[in-house]
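Worksheet: one structure, shown below.
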Amino acid sequence: MADMGLVTNEDVAQARAEVESGEFPDQGVIDRLLATQIINSAHVTQAKAIQFGMETVDLSGLTLKDDALQILPRHIANKYKCVPVFYGEGNLIVAITDPSDLDTMDSLRHVLKVDNLEFRVATEDQVEQVIAKHYATAEESVAGMLQDLTEGEIDLGFNTAGATDENAEVDADAPLIKLVNTIIADAYKMRGSDIHIEPLEKRLRIRYRIDGCLQEVNSPPKKLQNAIISRLKIQGGMSIAERRIPQDGRIQLEISGKPIDLRVNSLPTVHGESICMRILDKSGLKLGLTELGFLTDDQQTFERLIGLPDGILLVTGPTGSGKTTTLYSCLNYINRPDKKIITVEDPVEYVLAGINQVQVSEVIGLTFSAALRAMLRQAPNVVMLGEIRDNETATIAINASLTGHFVFSTLHTNDAPGAVQRLVDIGIKPFLVATALRAAIAQRLVRRICKKCIGPSLPSEIELKTLDLDPNLPGANYSKGMGCDNCNKSGHRGRFGIFEVFVTDDSIRKLVFERASSTVLRARARETGMRSLREDGARKVVSGMTTADEVIKATTADAKGGH
């Protein structure tokens, strides 16, 4: 080093004297020079490289490409403390930390199997930083875990043959357990709402539902199917000895420090049990009405409705249209110390602070109707009923709304005025519906344009005509997402609601009492200002929140009644 001008002869002599004095028994001359900061690790690396006739490389700012990460996988990088610097056309440059370690270089030539392998020398700190930066993601991803599991060097830690044994013990640190947890963590990090693990004839397919669309991801080999499904059933408190009937369970875990609940369902299929997991993320419950998708006028109407002292408010729409999120956001909005709120749900999807939640259990006789009757004796101000399913629950809910309680619930109908006809069909007398119903709100979910790659874009002529929009509308902000890393090249990130708000006034109550059809009720509601789902969606297209294509797909059933 003195020959290279990195240190003086005096520095070396001083360091040698300190070492020989015995005052620093664990240090050599180089260690002492490093400890006194006369040299740094880069100097040592440079000196070693020169000594062995090798070039050094600065890894600061290095960004590794996927092909380089694949040719030199994570387990090799960790084992040999090396990283790929460049890879292309069969040429690979690898950075190592010790140019004197000939065994490492020989081993890498053997395991990497590339046409032309060259070595460079980098500091140990930089190599560790690159591994932490580029391989941490791979380590925590499904692809990274699969790489380990398929290497053949790692024990699965799970007896797949004995997976049906109720007393089977599983090593918590086994790669298979990490893989299962990683599948869940990946879905959560990608903002997935559901995880589908589906056994097919020759492979096991994993798909995440992200912003309402299913996306297939890296899937484990078919041989791991039984072990993965059994592990999930164990986590969900389900019987792994029973594979012939559907089962339901629940998984609770932490991801990035946040508690996450998963509702798990298994369904026997021809090629094995299919698992569907609904990810229940509590952060979505704290959405304000604006984040749900309400524009100012509808938001004001909605805030007035949910502040009423009695009556019933219904949220309608198909499965997966966001009804539960809307109801929970309403409860959060009105949840104050001066109000007692009780919910009856099957199942309780989210646990909310300050709210009494009742889990229905048919096995022990705690049905919706039994729970509703009991809860009314608790003198609540607000009642939330997960779903009105039959005449008995509908009758109790209507009676509760007529005796000083405000009731939230859901119904499966295509539009908001259809809720009236649905209640009558269930067996509720029209005069009771007319008296109790305050409003019905139909909703659908559409994807929000990604804020990072949004750009101006005029809808096609057909889309404009379908939504009855003017291409030259003053102040219109027609937009779409161009696709970026933030939205996984989709142009969309997140979803929000489009709404049809049907509010009952005296004229509508009269029509309900007279058993008017849904068509008549709808016509009257539109005369009083109700916008259809498609019209509300069109407003949000004009404001640049979503695209015309999204609204048209979400409101196909609304096409005849919208205009």
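Along the chain, counting only trypsin sites (Lys or Arg not before Pro) with a DSSP assignment other than H, G, I, E or B and at most 10 other Cβ atoms inside a 10 Å radius, the longest segment between sites is 378-559.
The lysines whose alpha-carbon is closer than 24 Å to the alpha-carbon of Lys339, local same-chain residues fewer than 8 away aside, are Lys282, Lys286, Lys323.
In a DSSP loop and with at most 11 other Cβ atoms within 10 Å, the GluC sites (Glu not before Pro) in the stretch 26-128 are Glu89. Looking only at the stretch 449-474, which residues have a backbone nitrogen under 14 Å from a spot 7 Å from the Cα of Thr556 in the C-beta direction? Zone members listed by number: none at all. Among Ala42, Thr325, Leu314, whose Cα projects farthest towards the positive end of the dipole of the chain, with charges put on the beta-carbon of Lys, Arg (+1) and Asp, Glu (-1)? About the Cα centre, the residue reaching furthest to the positive side is Leu314. Taking a ≥ b ≥ c as the square roots of the eigenvalues of the Cα gyration tensor, an a/c ratio of 1.5 or more together with a/b no larger than b/c marks the stretch 84-134 as oblate. Under Stokes-Einstein, with the Kirkwood radius over Cα pairs as Rh, the value for the stretch 400-499 at 37 °C and 0.692 mPa s is 190 µm²/s. Label-to-label distance for Lys133 and Val424 is 6.8 nm, based on points extended 7 Å past Cα in the beta-carbon direction.
Beyond 22 Å in Cα-Cα separation lie the following of the pairs Lys65/Lys133; Lys133/Lys480; Lys79/Lys222; Lys65/Lys451: Lys133/Lys480; Lys79/Lys222; Lys65/Lys451.
Note on the chain: dipole from Cβ charges, positive end direction compared against Ala77, Gly53, Gly212; the farthest Cα belongs to Gly212. Cross-link check: pairs Lys452/Lys553; Lys178/Lys223; Lys178/Lys233; Lys452/Lys489 evaluated at a Cα-Cα cut-off of 22 Å; pairs beyond the cut-off: Lys452/Lys553.
Dipole check for the chain: with +1 at the C-beta of Lys and Arg, -1 at the C-beta of Asp and Glu, and the Cα centre as origin, the magnitude is about 3360 Debye. The slack between Cys276 and Asp506, meaning 0.36 nm per residue of separation minus the straight C-alpha distance, is 78.2 nm. Between Asp101 and Ala241, what's the calculated FRET efficiency when r is the beta-carbon distance and R0 is 51 Å? Round to 0.05. Calculated transfer efficiency: 0.50. Take the Cβ-Cβ distance between Cys484 and Lys258 as r, set R0 to 35 Å, and report the resulting FRET efficiency rounded to the nearest 0.05. After rounding, the FRET efficiency stands at 0.90. In this label model, Asp115 and Asp470 are separated by 6.4 nm, measuring between points 7 Å along each Cα→Cβ vector. The fraction of accessible area contributed by carbon and sulfur in the chain is 48 percent, rounded to a whole number (1.4 Å probe; ligands and nucleic acids excluded). Available extension along the chain between Thr8 and Met190 is 60.0 nm, counting 0.36 nm per residue and deducting the alpha carbon span.
Computed over protein heavy atoms with a 1.4 Å probe, the accessible surface of the chain works out to 49 Å² per residue.
The values are calculated or read from the model by the stated rules, or taken from the named source; none is laboratory data. As the structure is a prediction and not an experimental result, all values here were calculated from the model. All Cβ positions, glycine included, derive from the backbone under ideal geometry; neighbour counts span all protein chains shown. Accessible surface is based on the protein model in full, side chains and every heavy atom, while ligands, DNA and RNA are left aside. Shrake-Rupley method; radii C 1.70, N 1.55, O 1.52, S 1.80 Å.
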